[in-house]
Amino acid sequence: MATKKLVYLLIGVTMMLAGSSGSAFAQSIPFVGSAPKAVIAGQQFQLQYTFNNQKGTDFRIDPSIIENFNALAGPNAMIGSSTQIVNGKSSSIEYITYTYVFSAKKEGEFNIPPASIKMGNSEYKSNALTIKVLPPDKTPQQGGGAAPQQQAGTAAVGGEDIFMRMIVSNRNVYEQEGFLVTFKLYTLLGIQSFTPKFPEFEGFLAQDVERKEEAVQWELENYNGRNYQVAAVKQTVLYPQRSGQIKIGGAKADAIVQIRNQARARNFFGDFFDQYQSVAKELTTSPVTIDVKPLPPGKPASFSGAVGSFTMTSAINKTSLKANEAITVKLTIKGNGNIKLLKTPEIKFPNDFEPYDPKVDNNIKTSATGASGTKTIEYMAIPRYAGDFEIPAVEVSFLDTKSGTYKTITSDQYSLHVEKSEGGGEAPVVSNYTNRQSVQSLGKDIHYIKTGTVHFKVNKDIFFGSLFYVMVYLMIAILFAVFFIIYRKQVKENANIALVRTRKANKTAVRRLRQAGRLLKESKSEAFYEEVLRALWGYLSDKLNIPPSSLTKDNVAVELTKYGVSDELSAEFLEIINTCEFARYAPSGVSGGMDKLFDETVNAIGNMENKL
């Protein structure tokens, strides 16, 4: 009986919270209904409707509600008002609340249609509700219950009174396929404190599910024949990093709960009243083993480790333009899965185009259904010559977990018509700019020629035909020859895009590391690791003349060996890359580690530059 009283008390608190949240919500919605999400069959509960105007009339609920619920009381109308202050300005809202008392006839999940109310000539509809009706608790003889505790009269807490479970959504997954792990707390007792310690998730990349509310939300749930107050204390999406069997360790928690003493005290008037005491309880969950299947054979060339379901759309800002005008190609990849592992595809612009670093924007959220969102990539390039050009399509591949096969999505192919720039000039010069913010118009640096009367001055000294005259001409001819050779060499080198990229590799890496240093000071860990990764991969791509889409740790190690780079320096580079890739998904939050990684990256690039 004490256990049932406690359950009823908890349910009453839940209904009060539902009612209060509904009233607060009503401040922004004209007509809103509220009820508990779950009730027990035969138990009484309140169904409330709040309208933000006291002049509402002809309030009605759908008659079909009595098919599944017994009407015990209502509607009882209550008029009230609330005042709120926003930015120093106060506003008052008047409302009327209609309250019914029902009890559930049977178990199941039932829908309550919207109610209606009129104000003047307008009719308003409330929101529909869904209530889950749970079966009553089994008797102690049926389910064990807490009877041993009551008979013993001790302060011990039974294993069925409070416990914690680790619930895994899928125990048989592919490598890099996300699945949900939920830690739930079940209790029949009042909780004073709860201190959990969750496993480290070794062998997985972990992303915690974003909570809408800061406080833990309690709900009724029937488990093993008993109705508990249940809260999901932690939800995490895990991505296995290798195939085989990976074990998730159990969680632990220290809880302090209140239980009723068997001996009851008598007050001054001779009545009995309950006494409670606090008891410590250690909770544990059993470990779980996950069977991780390796990725199927036959990986496409455009596969970079993405697992899930994705779509891709593309757009271009214009297809007809003039030389030296910029074009922008935008790719949008959308879907569910480990979208962060999708590498940025490379668009192979024509040779007469000058491309710039793409701008990547991730908008990803992690929920109980996994990670989902969009990855938007903007590519910018400038054509330097007139003509007709083709921008080829790009491909992105992923493993579809539903079919267990690789699928490839393709962007659109675009045809461009480029006309000569204004004045008929073209700029075949390869600029040193690396991003769109630095792009400037080229071929427009001719200053205005001043006009006016020319005044000549007569020189009485005879210079023409003298020895000094001949020497000056010889010097001019020699300097012209030297400058011509140097100019031809520069033009040839500028025409070699690979050589230009190799030259600017160190400067580009230094610029990105400066940005990483600023992010380090601002403690933006995820952006810091991403910028360090861009600096490392960009440096290797430019220095080794390998396209970003073809960069892998294996071919980087092979190319560095060809250049005579030591195995120690190569291993140091790859270790920094591994650390950054792991930290982006499982950041430690320790600034000291970020400082050390930054110093190691600067030293590694400096040593590599000296060697190459």
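Being modelled with pLDDT under 80 and out of contact with any Asp or Glu (no Cβ under 7 Å at 6 or more places or on another chain) is true of S525. Considering segment 244-264, the residues that are farther than 26 Å from S367 by Cβ and outside any strand (DSSP E or B) include one that is modelled with the highest pLDDT, namely N261. Any idea which residue in segment 307-320 is nearest to S415 (Cα to Cα), counting only those that are crowded, with 18+ Cβ neighbours inside 10 Å and out of contact with any Gly (no Cβ under 6 Å at 6 or more places or on another chain)? Going through the qualifying residues, I end up with S314. Among the numbered conditions (1) without any contact (Cβ under 8 Å) to a residue 40 or more places away in the chain; (2) open to solvent by 40 Å² or more (accessible area, probe 1.4 Å); (3) more than 14 Å from V329 (Cβ to Cβ), the only one that K402 does not meet is (1).
Scanning segment 102-139 for residues that are aliphatic (A, V, I, L, M), open to solvent by 30 Å² or more (accessible area, probe 1.4 Å) and within 22 Å of K37 (Cβ to Cβ) gives a single hit, A128. Residues in segment 341-356 that are open to solvent by 50 Å² or more (accessible area, probe 1.4 Å) and either under 17 Å from the mean Cα position of the chain (by Cα) or charged (D, E, K, R) (or both): 4 in all.
Looking only at segment 321-335, how many residues end up being of a type outside the set (D, E, K, R), touching a helix residue (DSSP H, G or I) at 6+ places or on another chain (Cβ under 8 Å) and open to solvent by 30 Å² or more (accessible area, probe 1.4 Å)? It would help to see each step written out before you state the result.
From segment 321-335, those of a type outside the set (D, E, K, R) are 321, 323-324, 326-329, 331-333, 335; that's our starting set.
With the extra rule that they be touching a helix residue (DSSP H, G or I) at 6+ places or on another chain (Cβ under 8 Å), the set shrinks to 326, 333.
Imposing the further condition that a residue be open to solvent by 30 Å² or more (accessible area, probe 1.4 Å) reduces the set to 326.
Qualifying residue count for the region: 1.
Do you know which residues across segment 281-303 are without any contact (Cβ under 8 Å) to a residue 60 or more places away in the chain and assigned to a strand (DSSP E or B)? Hit for segment 281-303 is E282, nothing else. In a residue-by-residue description of segment 372-381, the property of being under 24 Å from A509 (Cβ atoms), among the polar types (S, T, N, Q) and in contact with a strand residue (DSSP E or B) (Cβ under 6 Å, 6 or more places away or on another chain) applies to no position. Is it fair to say N338 is in contact (Cβ under 8 Å) with a residue 40 or more places away in the chain, open to solvent by less than 40 Å² (accessible area, probe 1.4 Å) and more than 16 Å from V396 (Cα to Cα)? When the stated conditions are applied, N338 does not pass them.
Can you name the strands (runs of 3 or more DSSP E) wholly within segment 315-381 that have at least 1 residues being within 30 Å of E419 (Cα to Cα) and among the β-branched types (V, I, T)? Step through it out loud before you land on a result.
On the way: elements: 320-322, 327-337, 353-355, 359-367.
Strands (runs of 3 or more DSSP E) meeting the threshold: 327-337, 359-367.
Go through (1) at pLDDT below 75; (2) surrounded by fewer than 18 Cβ atoms within 10 Å (Cβ to Cβ) and name the single condition K543 misses. Among (1) at pLDDT below 75; (2) surrounded by fewer than 18 Cβ atoms within 10 Å (Cβ to Cβ), the lone unmet condition for K543 is (2). Any idea which residue in segment 180-220 is nearest to the chain's Cα centre (by Cα), counting only those that are of a type in the set (S, T, N, Q) and open to solvent by 50 Å² or more (accessible area, probe 1.4 Å)? Here the residue is Q217.
The values are calculated or read from the model by the stated rules, or taken from the named source; none is laboratory data. These numbers were taken from a predicted model, which means no experiment stands behind them. A quick note on method: Cβ atoms are made from the backbone with ideal geometry, for glycine too, and the neighbour counts reach across all protein chains shown. Calculation scope for accessible area: heavy atoms of the full protein, side chains included, ligands and nucleic acids excluded. Shrake-Rupley method; radii C 1.70, N 1.55, O 1.52, S 1.80 Å.
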